[in-house]
Structures are given as structure tokens and as C-alpha cells.
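**Q** Quick one: this structure, given as C-alpha cells, is what I'll be asking you about.
What follows draws every value from the coordinates through simple rules; no lab data is involved. As the structure is a prediction and not an experimental result, all values here were calculated from the model. Neighbour counts run over all protein chains shown; Cβ positions are idealised from the backbone, glycine included.
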Amino acid sequence: SIIMDPIKIAPFEATAIESIPSTVNLCRTTFRSQTTKPIAYRLTQLRKLYWGLVDNTDALLKACTLDLGKPEFETHLSEIDWCKNDIMFITKNLAKWMKDEKAPDIPLTNSLLNPRIRKEPLGTILVIGAYNFPVQLSLGPFIGAIAAGCTGVLKPSEVSPATAMVLKNIVENYLDPNAYAVVNGAIPETTALLNEKCDKIFYTGNATVGTIIAKKAAETLTPVCLELGGRNPAIVTKNADPRIAARRLVWGKLMNAGQVCISQNYIMVEKEILPAFVEQMKIALKEFYPNGQKTSPDFARIVNKRHFLRIKKMVDDSRGKILIGGEMDESENFIEITVVQVKDDQDSMIVDESFGPLIPLLAVDDVEEAIKTANSVHSTPLGLYAFGSKAETNKILDNVTSGGASVNDAFFHGCIPTLAFGGVGDSGQGAYRGKSSFDVFTHRRSVVTTPGWMEKLLDIRYPPFSAAKLKK
Ligand code: NAD
């Protein structure tokens, strides 16, 4: 059966390194054969992937539970249904996106050449996924590559091994095996993939590895799309509604136990609203988890021991005071949502990205101080969250740059499936989702076709040049 038994997910197995060059080569040969370019082929592959997701929903739910203790509700919403929606949206719009675009504002003589942009697939691409949304971050870009007419290899994160195995099963059994493949593994397998020349590398993960990928890609002038990390500020001014801000920012850390790249990494709160804000956070947590997070089916676990210890160390190293939470259980990689009032922006919980359920609060005198601090912690974060009056939130948007932003909310901008998603500066380059998923794997090729009968009109461009020709 190509439907994975949800109870028995195959143990993680890395792909044989020797097989990697021929896998990429097959994708390249298939791309050159023109097979993947017609719209009918692309739509068929996208539909097959859709049914692969439907058929293997139970296996994916199980895998995300094994890997991250992800609540099934979250796996449906932010992984499986997310990808299904992407496929439906892209399928509906693909014909329109694939059409040639005419050059704008051209004089009549130029229009006779039909200057246009052809949307051409880049070729054979490599998608390297991250562990926190192991389905969405792998298949999301891959869906865009299929839509664009590319062939390619997907390298899911080995840090979420159960999901990686289910993805391999889906891609290899539902899609054209000559055009698409999954390579599983860690650094050696990824390095072997990077040694093969691809036409674009789409990488999601931390900035240190992002730099390795970009350097390697530069050797062969391979373009990259880099979806990198957070350290995202949230700012709550005295004019914000403390209840709304608290509920939404708690939500910004509870999904996937804070293992979300666009989650706020720290919150700056104007001093006079701080007590009310903390009180409302307590109320929100009590409402969302009446019996605490540990026994709740609605709270995920940290992906593994290494990350558990990393996050624990951030709390241990902090000079701040724990206001809410603080419970941890190493035996099940559980970390409770932990609110800590830190003393300054040099605190371990602000300097690094926690990528976990930590909420450091930094009291500030005013919006100006918050803006100054945000810019000194990280000049180009992935996300920015501003709560306050319209004038204040506009001021914050104007003065702190970021990949994306939500006003009066935690990372909700990242939940709008057709809104382009990407970083800026060292939080990444390039964007995807919605039409951007098609664009990121498409070469906009400028073309003209000069009719033979125009030769007389074109005479002006040939020597001998003369003053008379200049006047024409
Ligand atoms: P990870 O450990 O899953 O690694 C990401 C990928 O990089 C994996 O596929 C892994 O195999 C590969 N990799 C690791 N070391 C490598 C090496 N030396 N050479 C080549 N490939 C290598 O995930 P992570 O990096 O720990 O992810 C967390 C980080 O990613 C956070 O900073 C988070 O903010 C960021 N992130 C960003 C986005 C986004 O969309 N911008 C999404 C998720 C996570």
C-alpha cells in the first residue's frame, strides 16, 4: 500500500550518499526533456500530491506527534491543510500566472516586436526543510517548484525524522519519480546534494547554516532563497489593550511550543502598563490551559534533548525574574510557557533566539526606547509585532524594519496563506507562498520577436551613421 500505516512509520533511514548524484542527474535529464513544462503535467502532479496528503493524513498526524508532540489540531491547520490550501490556490491560478506578460508603456514601433516576459521554470531545484513545521516548510516550497515546472529534490529535516520518512513515502509514491525525489539525511547527505549543481536552492533554517549554503551556492553562482531566523521584537505601549495584547502574544508562543520562526522572541512593554499586561497573561494562560500545559493535549514538546537543554540554559543564564511558569521536564522535553522579566537587552533570553516557549519582558520608558532597543538587538528581524495606538504602531513600523509584521497581533501575518513570506537582511532573502511560491522558482525571461518585414524600419540602427538618421 502506498498509504502509510499510521501506527508503523518506518524508522529513519538516511539516503545512500552514492545514489545522490544519479538522483539529481535524473531530475536534470527529466527537466531537459520538457516533460514538466506543460500545465497539464504540473496540475496532475499537484493533484497527486494533494491526494498523497489526504491518503496519508493519519501518518502525518502521527509523525508530527512523534517528532514534536504537535497537537493534531495544529498539524491539520499549519501543516496538512496548509499545504492542501496552497495546492488548491495555486491550481486555480496557475494558467493565469504562466501567461506571458507584455512589456508596459512601449511605443508602437516596439510593440511590433511583441516584447514580453515568458515565465520559465528555473530547472532542477533543491529544497532543504527545517524541523519545526516539517510538512509545511518542506512541501510548501516544493509545491511552488512543481507549479513553476521545475524538477527537484526535497531534503526534509532529519531533526523531525518520522515526518521525513512519511514525506519520502508521499513524494516517491505519488509524484513522477523521474522528476521528484526525497533525499533523507543530515550534514553528509546535504553536503552531497550541495555538491551537485542545482538551478536554485531553497533553504529554511538557522542563519549559520544559511551562510554555509549561500557560500557553497556562490561557488557555482546558484541562486538561493534563504528563510532564516527570528529574534523578533514585540512592543506593547501604554495605549494598547492589555487583555488583547496578552492573549495574542501568549498565542504567539503557545503554537508548537514556541518553535515558530516568526514568534516574538521578546516583548518590550511600557512600564505603566506592565503590571496589567502580566496579569492578563496569567488570566489568558489559565483560560487556555485550565489544568496547565503539561497534561494538555494542546501543547507541543521541544523537538529533542539538545534543543531542550539549549532553551533551559537560556533560562538558567538569565538574570531576570520568572513571573509565570518555569516548569521543565527533561524526560519528555517539556518546557512550560515561561514569562521572565529581564533587566536589560543584554540578557541571554534577548540576545539569542529562544525558538521555544520563553517570553522575556523588558520594561521600557517609552516607544522611542523600544524602537532604539529593537534596532540594537537585531537590525533586520524576521517579524515585528506592535501593539498601541495607530500613531504609535505606524511609528514602530516606520522605524524598525522586519521581514513581515503584524499590528495589534502576534505572528498572524504569517498565517495568511497568499501573503508573500520572507525575511530581510540577515533574516533571509527571497519570499514564497501564494503567487510568490511560483515566482521564486520562475525565471522571467524577456523576449522579443522581430518580424522580417520590419527591416526597412530598422535601417536606422545600422551604420553608416549620419546626422540625418539621428533626426529620424
Ligand atoms: P534544522 O536543524 O531542521 O536545520 C535546517 C536544515 O539545515 C535541515 O534540513 C538540516 O539537515 C540542514 N543542515 C543542518 N546543518 C547543515 C550543514 N552544516 N550543511 C548543510 N545543511 C545543514 O533547523 P534549524 O536550523 O535549527 O531551524 C531553526 C532556525 O530556523 C531558527 O533560527 C528559525 O527561526 C529558523 N526558521 C526559519 C523559518 C523561516 O521561514 N524563515 C522557518 C523555520 C525556521
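**Q** Let me spell out the model: positive unit charges on the Cβ of Lys and Arg, negative unit charges on the Cβ of Asp and Glu, origin at the Cα centre of the chain. What dipole size does that give, in debye rounded to 20?
**A** So the magnitude is around 2020 debye.
**Q** Could you order peptides 135-145, 196-206, 168-178 by the average number of other Cβ atoms within 10 Å of their residues, highest first?
**A** 135-145, 196-206, 168-178
**Q** First check a/c for segment 1-73, with a ≥ b ≥ c the square roots of the eigenvalues of its C-alpha gyration tensor; if it is under 1.5, answer rounded, and if not, answer prolate when a/b is larger than b/c or oblate otherwise.
**A** Oblate, since a/c reaches 1.5 and b/c is not below a/b.
**Q** Then there's this: Measure nothing but the geometry: give the 0 to 90° angle between the long axis through the Cα atoms of 39-55 and the longest principal axis through the Cα atoms of the chain, rounded to 10°.
**A** The answer is roughly 20 degrees.
**Q** Go ahead and run the numbers for FRET between N93 and R445, Cβ-Cβ distance against an R0 of 22 Å, rounding to 0.05.
**A** 0.65
**Q** For segment 257-341, what does the alpha-carbon gyration tensor say about shape, rounded, prolate or oblate, given a ≥ b ≥ c as the root eigenvalues, a/c under 1.5 as rounded, and a/b over b/c as prolate?
**A** Oblate.
**Q** Under 14 Å from the Cα of K390, which aspartates and glutamates turn up, not counting those fewer than eight places away in the same chain?
**A** Within the straight-line cut-off, K390 pairs with D241, D398, D409.
**Q** Okay, moving on. Placing unit charges on C-beta atoms (Lys and Arg positive, Asp and Glu negative, everything else neutral), compute the dipole magnitude of segment 249-343 about its Cα centre in debye, rounded to 20.
**A** Details: 14 positive and 12 negative charges, 70 e Å.
For segment 249-343, the charge dipole is close to 340 debye.
**Q** Quick check: residue separation of S33 and N85 times 0.36 nm, minus the Cα distance between them. What number comes out in nm?
**A** 15.7 nm
**Q** Roughly what % antiparallel, to the nearest 5, for the DSSP beta bridges in the chain?
**A** Numbers: 17 of 54 bridges.
The antiparallel fraction comes to roughly 30 percent.
**Q** Test of understanding: what is the full-extension gain from I2 to D298, defined as 0.36 nm times their sequence separation minus their Cα-Cα distance?
**A** 103.6 nm
**Q** Here's a follow-up. Could you tell me which of N232, I337, G326 has its Cα farthest along the dipole of the chain towards the positive end, charges placed at Cβ (Lys, Arg +1; Asp, Glu -1), taken about the Cα centre?
**A** The one lying farthest along the dipole's positive direction is N232.
**Q** What size of dipole, in debye to the nearest 20, comes out for segment 278-397 about its Cα centre when the only charges are +1 on Lys and Arg C-beta atoms and -1 on Asp and Glu C-beta atoms?
**A** That gives segment 278-397 a dipole magnitude of about 260 debye.
**Q** On to the next question. Before rounding to the nearest 500, sum -39500 (n - 2.57) across all DSSP H runs of length at least 4 in the chain and divide by the residue total; then give [θ] at 222 nm in deg cm²/dmol. Walk me through the numbers before you get to the answer.
**A** Details: 19 runs with 196 residues, N = 472.
Estimated from H runs of four or more residues: -12500 deg cm²/dmol.
**Q** Name the shape class, rounded, prolate or oblate, that the alpha-carbon gyration tensor gives for the chain, where a ≥ b ≥ c are the square roots of its eigenvalues, rounded holds for a/c under 1.5, and otherwise prolate holds if a/b is larger than b/c and oblate otherwise.
**A** Here the chain falls in the oblate category.
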